[in-house]
Each structure stands twice: as C-alpha cells, then as structure tokens.
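Take a look at the structure below.
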Amino acid sequence: MVRIRIHGILKEECGVEVIDIEGTYLNEIMSKLPKEVKNVLMKYSKYLIVLVNGRRVYDLESIQLLPNDYVDLMIPVGGG
Amino acid sequence: MSLKWGYTGKILYVDLSKSKYWVEELKESLAKTYVGGSGLAAYILWNLVDGGVDPLSPENPLIIATGPATGALAPSAGRFALVSKSPLTNIWGESHAGGFFGPEVKYAGYDVVVVLGKSSTPVSLVIDDGNVEIYRSTGLWGLNTRDTTNELRSRFGKDYHVMCIGPAGEELVRFASVIVDYYRAFGRTGLGAVMGSKRLKAVVVRGSKSVEVYDPDKYLEVLEDILWRNSEGPWALPAQMSLGRYGTPSLVTAMNAIGRLPTKNHWTGFWGRADKLSGDELLKYRVSRGSCFSCMIMCKHVTKVSNGRYEGTFSGGPEYESIVALGSNLLIDNIEAVIYMNQLCNLYGLDTISTGKVLSYVFECYEKGLISKEELGGLEALWGSEEAAITLINMIVRREGIGNILAEGVRRASEVLGRGYEYALHVKGLEVSAQDPRGHKSVGLTWAISVRGADHLRSLTTVDELGYRDIAAERFGVDKVDDVCDRLSEKYKGLIVKDQEDLFALVDSIIMCKYGTMWPPMYYFDFIAKLLPPLTGIKEFGDVKNLRLIAERIVNLKRCFNLREGVGKESEVLPKRFTEEPMPTGPSKGQVCNLEPMLREYYMYRGWDYESGLPYEETLERLGLDYVANELKKKYVLPRLKHG
C-alpha cells in the first residue's frame, strides 16, 4: 500500500486527507484515485507538486514505488 | 540635490535625553548609494555608533526607516524597518513589520526617524505631520501592548498608528519585540528592549501628506503589471490558494512533508501530529482576514478561541514561525494553546521565535536532567506541557526565578546556568528559526552568514525548498538546475544564497515584502529596475548591474558593522545538532548539514578571504566602502587579492 497525503486547498476541496492505494508505478496509483480527487487535481494540474518520500518528482510515469512509500500532493507554497 | 519623488527627503532626529528634535535633509547621493530602508539605516547606524557600544545604553540609536516604495501604492510595499545594535546578539539588529505604520511615517513627512539618547521618565514619541511631541507616558508603563495601543488611540484618535512595547521591553528582556497596531511585530533581535532602555513606550504617527511620483504614467504601467501578476499571472492562483487562504501556516504540513518541520527542539524535522497545527486547522479559528497597506495577497489572519480553557483569546496570527516555535518545537499539538501563547507573546511584546526556542531549551535540559524541578519553582517542564510553557513565558516577562536568566536569551542562559550548551540552539546569539539545515541544506549557510544570526528573512532560498526549476533555470542557468533544486545537496548553495541575500538587501531597502520576492518568486532585480526609476526619477536605479552593486554594498556594510564589533567568521557555525546529529526520522532521515563547502563557495562569490573571514580591500573599494575599510584597518589587517 502506498499512502497518499493531500494538503492545503487540495485537501479542502477533495474532502479527504489520506488515501491508501495499491500499485507499483506512481502514474498507476494516481489513476486509481477517486474520481472527485482526480477532478480537483485536474483543476490544479498546472500547479500540482508531487513529492515521493519528501522528494519532488516530475516524471510520474517512471517512478516506481515500494509498499509503505508515501506521496504528498500540494500546490506551491514556500518561504518559511 | 534634494529628493522630490518617492522620498520625503527628510530625516527626523529625536534626542530623548535632551527632549529636542531636529530635521536633516536626506541627500540624493545617499539615496543613490543606499536606496533607503535597511540600507540607509545601515549607513546611519555605522556613522552614529562606535564599535563596542552597549546596546541598552543611551548611545545606541533606534532607527525607524521606510523605503522609496513605502506608501507609494506598490503592492507588497507596506512594510518598514527597525534597526539598532541588538541587545540579544550585540551585533547588527534589524527587524521589519507590515501594516500601515510605515506608509504613515512617509505621509507625516519623514523617510527615517532616528531616536537618540534616553528619557528619564517613560515617554511616547508622537509625530503628527510636521509636529513632533515627546509625550509623558508614565501612566502607560506596565501596560500590555493592546491596552497601550487602546490608550494612545483613545488619547490621540483612531486614525493614529501605534508601535509600542509591552512589559517585556520594559523589563529589558533581550528578545522583546515591538508590536505595531496590535498585531504586527518587529519580532527579532530584541529591539523592544532597546525601546525599553530609552524609556520609550510607544511611537505614534499620523500623516496627511503624499508621496510624489516622478513619472505617474510609467509608474502606473508598473503597478498594472503588479496587478496582473497578482490576479492572473502564473503565481497568482497558488499565492491566493495557499498564502491568501491560509496565510503562512500553509507551510506547516508542506514543511513536514519534506522533513523540515522543527520538532522537539529541532531534534527532528517530521512530526506525525503536525496536521493538528495545519493551516486548514487554524482556519476554524479565523474571524477576519486582512492585508498590509496596498497588498493583494492578504495573508494576515485574526484568530479567536470561543470555547474551552483558552476562551476569549483574540489576536493576529499565529504565523508559521510562531506555530512551530510554540507548537511542534515543544510537542504541543493543541492549536488553541498555540493561539493563546502567541497572543500572550504579542501582549507582552516577546518574540515568539526566541521565546519558543528558550522554552524548548528548558524542556530538553529538564528531560536530560540538567535543570531540576526545584530550579523551575516546582514546574515540570515536560514535552507537550502547555501549562509549563505558559508559566515559563510569565516567569520570563516578569523576570521571576529562572525566568530572569531565560530573559537573557538562550545563549546567555546556557552560559549563566553552565549547562546544556548543545541544546541552546542559536547562531550568533539569535535563536534559530523554523527551518532545519539537515532537511534544507542552504538554510545552514543562510543561518551561518546572516548578519543578525539564525535568520530566515535575509537570504532564505525557496527555489530549492520544493524545487522551482523554471525560476532556478532563469536565474542560475539550465546546467545548474538539478543541483540548485536539490534541497539535500550542498552544491551551488553558496551561489543561490549570495544571490538571494543581495536581492533581499535591496528588497529591505526599497522596502517590499518577502511575499512576492522570496515566495512566490515574482519579483527579481529586473522588476525592481522597472519600479524605481518612474517612482524616484533616479535613472541609475534602472540599471540592474547598479542595483546589484548597491545590494552588495549594503550586505558588506552590515557585515563590516559586525566585524567592527569583533564578530566575524568564527561566529559562522551551526549548533552541533545540525552538523553532527543525523536527522533521526522522516523524509530527511540520516542527513546532516555540511557547512564548510557552502561557506567556501559563498565567500568566493562575495570576494571575501576564507581564512580570515574579512572582505578583500579591493572588494570594499569596488563597492565605494573606503570609509568602512579605513575604520576596519584600525582593528584588522585587511587582506588584498593576490594577482598573477
């Protein structure tokens, strides 16, 4: 299981904070997200930041995940 | 030549010892050389004090400085600076605050106000357009900042703006803040204690003049560009949906996600309960959202607790730094307790960051058996104890028991107690801010080289925080992007910290907010070169190369101020927690900060000698700081570049 954590406005609009999903590749896992969550992510797709185990990733297709990995989804913040 | 546009062209001097004031002209040559704000204050402070002056003596001036953009309707330009020698660190002291006070100083007719001497009785300084009054304030002494502000606004009128100290400043707590219009704070470096030492309870200001603009049509074009950037530009939506909606607390869960959320006196950078302190959690307590003068981001929130133990708490913030210092740093996950302690600090006039780090020092020493229950007056300083934290805050502000030692700041406290040096987290005497150099390597360099100590506002870089590749490519080149954006790599961090420090030296002199310049990174040197010429009529400000030179000059002048105080390279060290203790948990697990390569690279870009820590004489000459070099030569042998 890979744990997806959703932050800030994405969390507020998705109405969910944590989702556990089975899968090997990041894009596969993202495709298994609930429809309402995907709709919100689509809305903010231009700004979406994806972290895997705290490191930012850009190419979702090539990222292979292990069980107990976690993925954080947020829009840009910074400066603290 | 006198200044006509963007500046009032006047500096107000007030001598509290002699109860007199006078006005001097701000010369155009000075504005061209140091811009205003922090840069101009650096020049004034350098010339007014000698090295070694006691920060709490009448000889230490207090400088209130605005910049050319202050009050000139440029969004994100409502801030102003407070500068003095810091009683906490004994070196350069500087803090900035937002709100409406800064523009009002300009409208009252002054670019800068310099307070000299010391009053024999408590007074307030009242500036009402051209009129200046030293107002007897014995009755205000002892009041908290809210009551003081209420009293002064009731006496003078609600259209007056008030910056004041609370009991902490009066008691000369070395990390006392100055509170502006109830909720804005000059938090860092203890400048509230400088006001307290002068028996200056408050500064009150009202103005009705205007800031003249050199080329209104061109200036409006720049303002329209700013409007576009804030409403439709590429950063508009993220800025509104994070900073605007949640304010700085939007950072709590994001920083936790990258393993950089200070937790348990910075023992680690990840906390499983951080979501209890998140921006959306705080939203439940928000009763209003506001902005600084002429700002479109509107990141300022006022919170209220309506039920329970902390019922009735009502204050601005807490901001990210305060949430961390008083929350995760102490393992306190009750957001209502954090809101309450933030209010307490604001009412007393205490810097929340330093306060939190002093408390976590006590908590860790208590855990390790280095401070006893008896020494704490029967208090059990257990991690997560709201009661212990609140009691200690009260003891500090009243200088009761061990509070009298803690009121000196964490460096002095550990020295006086002779224990727990390794848990006293500071750089140059300034308690560390809410970052962790193990999870964000450039922070280590930022803290080490900052003239005011462990500082998140003089050169904190954000391109490497969450990895903004486009900005990194634009500023540093495509070939460097991977390394620049890697927060766990030391490579190129000297380059980006130097660049950010220069940018902020300028930003703090104009003066603009860090939001818009630090994050989102909307405005850079090229933007400033467009903003300043139509505002000020000073064509030289339109040359990016010249702006960079001015910025370097300001950075070097402040560093030389510290060198004159005898504080240089030997002070550029980090607490061992960050260099020797690998991050124990979270996404940055196993990391330590290796400062040395970053410091070497930074020195190279600065034109400073790595061995001695001194600037090369040629560097100071290039920057037009010969007068500084001449004074430093009384104390040091300045190195010269070896040619050939």
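Every number here is computed from the coordinates shown, using simple stated rules; none is lab data. Fair warning: this is a prediction, and the values are worked out from it, not measured in the lab. A quick note on method: Cβ atoms are made from the backbone with ideal geometry, for glycine too, and the neighbour counts reach across all protein chains shown.
Longer than 18 Å from Cα to Cα, which of B:Lys441/B:Lys589; B:Lys441/B:Lys514; B:Lys85/B:Lys428; B:Lys368/B:Lys441; B:Lys357/B:Lys428 are they? Say none if no pair is.
Correct reply: B:Lys441/B:Lys514; B:Lys368/B:Lys441.
Overall shape of the range B:23-169 was characterised from the C-alpha gyration tensor. The equivalent ellipsoid obtained from it has semi-axes of 24, 21, 14 Å, in decreasing order.
As a proxy for reagent exposure, B:Trp22, B:Trp5, B:Trp271 were ordered by neighbouring Cβ count within 10 angstrom, fewest first; the result is B:Trp22, B:Trp5, B:Trp271. Across the range B:235-241, rounded Karplus estimates of 3J(HN,Hα) from the backbone phi angles (6.51 cos²θ - 1.76 cosθ + 1.60, θ = phi - 60°) give 9, 4, 5, x, 5, 6, 7 Hz, Gly and Pro being marked x.
Counting other Cβ atoms within 10 Å of each Cβ, which chymotrypsin sites (Phe, Trp or Tyr not before Pro) in chain A have at most 16 and sit in a DSSP loop? Provide the component values of the computation, followed by the final result.
On the way: sites: A:Tyr25, A:Tyr44, A:Tyr47, A:Tyr58, A:Tyr70; in loops: A:Tyr44, A:Tyr47, A:Tyr58.
Answer in residue order: A:Tyr58.
Within the range B:1-55, how many lysine pairs that are 8 or more places apart, or on different chains, have C-alpha atoms less than 17 Å apart?
On the way: B:Lys4/B:Lys27; B:Lys4/B:Lys32; B:Lys10/B:Lys20; B:Lys10/B:Lys27; B:Lys10/B:Lys32.
Summing the qualifying lysine pairs gives 5.
Ordering B:Ser154, B:Ser442 from the fewest to the most neighbouring beta carbons within 10 Å gives B:Ser154, B:Ser442. Each semi-axis of the equivalent ellipsoid for the range B:461-524 is √(5λ) with λ an eigenvalue of the Cα gyration tensor; in descending order they amount to 21, 11, 10 Å.
Across the range B:206-217, coupling constants 3J(HN,Hα) worked out from phi with the 6.51/-1.76/1.60 Karplus curve, θ = phi - 60°, read 8, x, 10, 7, 10, 9, 7, 10, 5, 10, x, 5 Hz, and Gly and Pro carry x. Per the Cα gyration tensor, the range B:266-424 maps to an equivalent ellipsoid with semi-axes of 29, 16, 15 Å, ordered largest to smallest. The phi-based Karplus calculation (6.51 cos²θ - 1.76 cosθ + 1.60; θ = phi - 60°) puts the 3J(HN,Hα) values of the range B:591-600 at 7, 10, 9, 9, 6, 3, x, 5, 5, 4 Hz, whole numbers, x for Gly and Pro. Which lysines, if any, have their Cα less than 25 Å from the Cα of A:Lys32, not counting same-chain residues under 8 positions apart? Qualifying lysines at Cα under 25 Å: A:Lys11, A:Lys43, A:Lys46. Computed over the Cα atoms of the protein assembly as shown, pair by distinct pair, the Kirkwood hydrodynamic radius stands at 25.7 angstrom.
Rounded, prolate or oblate for chain B? Axes are the square roots of the Cα gyration tensor eigenvalues, ordered a ≥ b ≥ c, and the cut-off for rounded is a/c under 1.5. Please list the in-between numbers first.
Working: a/c = 1.27, a/b = 1.09, b/c = 1.16.
It comes out rounded by the Cα gyration axes.
Quick one: in the range B:441-632, what % of C-alpha pairs are over 22 Å apart?
On the way: 8990 of 18336 pairs.
Percentage above 22 Å: 49.
Computed on chain B, with alpha-carbon pairs under 8 angstrom and 6+ residues apart, the relative contact order is 15 percent.
Amide H to amide H distances under 5 Å link A:Gly23 with A:Val2, where only residues 5 or more positions off or on other chains count and H is placed in the peptide plane. The reciprocal of the average 1/r between distinct C-alpha atoms defines the Kirkwood hydrodynamic radius, which for the range B:399-457 equals 12.2 Å. Taking amide H as placed 1.01 Å from N in the peptide plane, the amide H of B:Ala74 sits under 5 Å from none that are at least 5 places away or on another chain.
For each of B:Glu375, B:Glu170, B:Glu24, count neighbouring Cβ atoms within 10 Å of the residue's Cβ, then give the residues from fewest to most.
Values: B:Glu375 17, B:Glu170 24, B:Glu24 12.
Least crowded to most crowded, the residues run B:Glu24, B:Glu375, B:Glu170.
For the segment B:268-276, counting C-beta atoms of other chains within 10 Å of every residue's C-beta and taking the mean gives 1. Each part gets one Cα centre, and for the range B:363-427 versus the range B:508-531 those centres are 39 Å apart.
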